[in-house]
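The values are calculated or read from the model by the stated rules, or taken from the named source; none is laboratory data. Because the structure is a prediction, the values reported are computed rather than measured. All Cβ positions, glycine included, derive from the backbone under ideal geometry; neighbour counts span all protein chains shown.
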Amino acid sequence: MMDSKDQKIMELESEIKELERFTGFQKTYYSNFPYKSKGMDGYWYIYRKTTSGFMHKTSEHRYIMQQSLPGQIPKGYIVHHRDGNKCNNTLSNLDILTRSEHSKKHNSKHKLQ
């Protein structure tokens, strides 16, 4: 029998596969929801319609992390890619860090190079 965490991960993977079908940015109208698009910054973004009909843009890595948590991502925390690849948004590659912890990780990478 699957525990609730495994079930949640399976649901997320299914939702991600569904989102991956929508990769093009609509020119004029946002008719196909949800869809995702790669931003100029190298991150993937998910575009969804809210219940009030407005478009909502969320970074995919934050969305995936948020769906795996029982509550909200704490204010002031950053979702970090463990391997440094902005496109690798698998849950096992994501961490939640404080801004300070995040800065230390990136500063230590630059010192090693």
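Under 6 Å by Cβ, and 6 or more places apart or on different chains, what pairs join a residue from the stretch 43-62 that is under 24 Å from residue 77 (Cα atoms) and modelled with pLDDT of 90 or more with one that is of a type in the set (Phe, Trp, Tyr) and part of a loop (DSSP other than H, G, I, E, B)?
Every condition considered, the pairs that remain are 59/43.
Let's see how each residue does on (1) of a type in the set (Asp, Glu); (2) under 21 Å from residue 10 (Cβ atoms):
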{"position": "49", "(1), (2)": "no, no"}
{"position": "56", "(1), (2)": "no, no"}
{"position": "60", "(1), (2)": "yes, yes"}
{"position": "67", "(1), (2)": "no, yes"}
{"position": "76", "(1), (2)": "no, no"}
{"position": "86", "(1), (2)": "no, no"}
{"position": "93", "(1), (2)": "no, yes"}
{"position": "103", "(1), (2)": "no, no"}
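Mind checking which residues of the stretch 39-68 are touching a strand residue (DSSP E or B) at 6+ places or on another chain (Cβ under 8 Å) and assigned to a loop (DSSP other than H, G, I, E, B)?
39, 43, 50 - these are the residues of the stretch 39-68 that are touching a strand residue (DSSP E or B) at 6+ places or on another chain (Cβ under 8 Å) and assigned to a loop (DSSP other than H, G, I, E, B).
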